[in-house]
Amino acid sequence: MISFVGAGPGDLELLTVKGKRRLQEADAVIYDRLVNPLLLFYCKADCVLIYVGKTPYQNSMKQEAINQLLIDTEKKYAQVVRLKGGDPGIFGRLTEELETVTSEGISFEIIPGITAASGTAAYNGISLTERERARAVTFMTGYVKENKIATFPVLTKEQTLCVYMGVEALPSLVTHLSSNGFSPRTEIAIISWGTYGRQKKVIGTLSTILPMIAEERLKNPAMILIGEVVSGEQKLNWFEKLPKYGLRCLLVSTRSPTIDELIQYTSAGADVWWHQVGEKRDLRFDSISDRYLAEQTFEQIIFMEQAAEGLFLNKQRGE
């Protein structure tokens, strides 16, 4: 049995109740780069954690290899979770994986998640639909294969446009919208790592956004929201008003955390990682932690026990 579970856009608490239960029951979890790895602390002590590193524009496990991994893993373990960022059915290549497991007669279920568009918009005070401003919402991907030209549908003005992974395609999109009659004053928000405490964003218009993006060096993973509803961000943004918003904190401990300990920080807007040291650490998280620390930076280190400080500093010195 394979459960395809949506992990949500990033905030630890945006996982569904059913998704949480499946993680707690899982014998093996296959997860992507855009999944918040803090969610893996829901898993039981003997659950096998398998990283498949779906990273745009970088060498990573090919989809064909992931498909085969699903088959091989299901043969070994009774309960398998395929954990995908956001909602697995929205730009998650879900159908390809479902066709693979179906061809092998493997039973499955799909547990949807909060997609990046709705999660990121909500955390920034933006309603994707709004009376007299947005009668429709369009989800589209900005990801373009190498040597391919970015193409976009004809879009109407009374809508909100949500573009996934579209930073590289943004110049083409701006040109396309402008040539289809969109005003240079059309509002646009580009939000990287939405719903995380490390969230970064730029708010502008079609005429101003490109130099702003270049100055801020904003990169994927990012959600682009375009339309009149973006104006709500200025007065209705609540997430960035949380007491610990933007605090990037490395929690160092000799043990695994409880979920409640993590939520104390994330619910206040902080971006955290729990790094384990010492002989009693959960060895499954060694590679996860190494990868996470190589990609992220933290401005504050908190030692959860006195012993953790010495062990951490000794490792830093190579002792």
Counting residues in segment 248-319 as N, plug N into 2.2 N^0.38 Å and put the Cα Rg over that result. 1.05
Per residue accessible area in Å² of the chain, where ligands, DNA and RNA are left out and the probe is 1.4 Å: 49
Per the helix-only calculation at 222 nm, which mean residue ellipticity applies to the chain, given -39500 (n - 2.57) for every DSSP H run of n ≥ 4 and division by its residues, nearest 500 deg cm²/dmol? -8500 deg cm²/dmol
Restricting to lysines and to Cα separations under 18 Å from residue 244, and discarding same-chain partners fewer than 8 apart, the set is 200, 201
Between segment 257-281 and segment 68-137, what is the separation of their alpha carbon centroids in Å? 26
What's the carbon and sulfur percent of segment 5-52's accessible surface, probe 1.4 angstrom, rounded to a whole number? 49
In Å², nearest 10: area of residue 226 left accessible to a 1.4 Å probe: 10
How would segment 10-98 be classified by its alpha-carbon gyration tensor: rounded, prolate or oblate, with rounded meaning a/c under 1.5 and the a/b versus b/c comparison settling the rest? oblate
If the cut-off is 22 Å between C-alpha atoms, which lysines fall inside it for residue 44, apart from same-chain ones fewer than 8 positions away? 18, 20, 75, 76, 84, 280
Efficiency by 1/(1 + (r/R0)^6): what FRET value for residue 99 and residue 267, r their Cβ-Cβ distance, R0 = 41 Å, to the nearest 0.05? 0.60
Tell me the carbon and sulfur percent of the accessible area for segment 172-319, rounded to whole percent, probe radius 1.4 Å. 51
Which of these, 45, 122, 308, has the largest mean-square fluctuation under a Gaussian network model of the chain (Cα springs below 10 Å)? 45
Please label the shape of the chain as rounded, prolate or oblate, based on the square roots a ≥ b ≥ c of the eigenvalues of the alpha-carbon gyration tensor (a/c under 1.5 means rounded; beyond that, a/b larger than b/c means prolate, else oblate). oblate
How much of residue 299 can a 1.4 Å solvent probe reach, expressed as accessible area in Å² and rounded to 10? 130
Cleavage-rule hits (chymotrypsin sites (Phe, Trp or Tyr not before Pro)) in segment 231-273: DSSP loop, at most 16 neighbouring Cβ within 10 angstrom: 238, 245
If I build a Gaussian network model for the chain, linking alpha-carbon pairs within less than 10 angstrom, which residue out of 184, 153, 257 has the largest mean-square fluctuation? 153
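The values are calculated or read from the model by the stated rules, or taken from the named source; none is laboratory data. Remember, predicted model here, so these are calculated numbers, not experimental data. Cβ sites come from the backbone with ideal geometry, for glycine too, and all protein chains shown count toward neighbours. Side chains are part of the model used for accessible areas, which takes the heavy atoms of the whole protein and leaves out ligands, DNA and RNA. Shrake-Rupley method; radii C 1.70, N 1.55, O 1.52, S 1.80 Å.
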